[in-house]
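Read the figures in this text as sums done on the coordinates, not as results from a lab. Here the structure is a predicted model, which means the values were calculated and not measured. Please note: Cβ atoms are built from the backbone with ideal geometry, for glycine as well, and neighbour counts cover all protein chains shown.
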Amino acid sequence: MTNHALDQDLIGIWLLPGQPQTYEITDDGSYYIAEPDEPLHFREGGSQMVWGGRSYSRVIGEGETPVGTWREDATGDGWDFTADHAYTILSATDETGETFTGIWALRNEGTSLWTCEKQADLETDGAHLTFLTPSGEALRYGYAVDEGLLTLLDPDTWQELTRYISAERMVRSAAG
């Protein structure tokens, strides 16, 4: 595929009706998915973190802060939260050593943790949108963007697969 500039109409935060996640496309062509924030608390002076019902043991760092390196008790996945609000996940079950990256923030006066994970890099050619995943897989769709609606289409039949609504359009609609 020829690498073209990203269609500027794609840049922004997108929602799928009925789903709690947000989907963001940035001007550098990165595609992120953010989950809703989840409850967070610490035990044993910060050596244990409980986030969204999952327990993590501290490997590096100290105190009642996500900053540091953690091991998820149930899966063995490694989570490294940095002071600049970036994070990296190293899967314990993925033999390729693939890592996942994103950004994080404390919310609700530090009682919940929000994460937004990079899922792909995007390329467009005017008619097609290709998601290039960290594993090297290329997922190609037809697409159309019009007045805050992003429609993904089957690249062979051009049948509509899904429709995202821009957060900006949702705000305008709610304002009446």
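Points to keep in mind about this one:
- Computed P(r) (all Cα pairs; the chain; 10 Å bins; percent): 9, 31, 29, 21, 8, 1
- Local electrostatic count at Gly110 - Lys and Arg +1, Asp and Glu -1, tallied over other residues with Cβ under 14 Å: -3
- The relative contact order of the chain comes to 19 percent, based on Cα pairs under 8 Å that sit 6 or more residues apart.
- Rounded to the nearest 500, the helix-only mean residue ellipticity at 222 nm of the chain stands at -1500 deg cm²/dmol, with each DSSP H run of n ≥ 4 adding -39,500 (n - 2.57).
- Under 12 Å, Cβ to Cβ, from Thr26 - net charge with Lys/Arg +1 and Asp/Glu -1: -3
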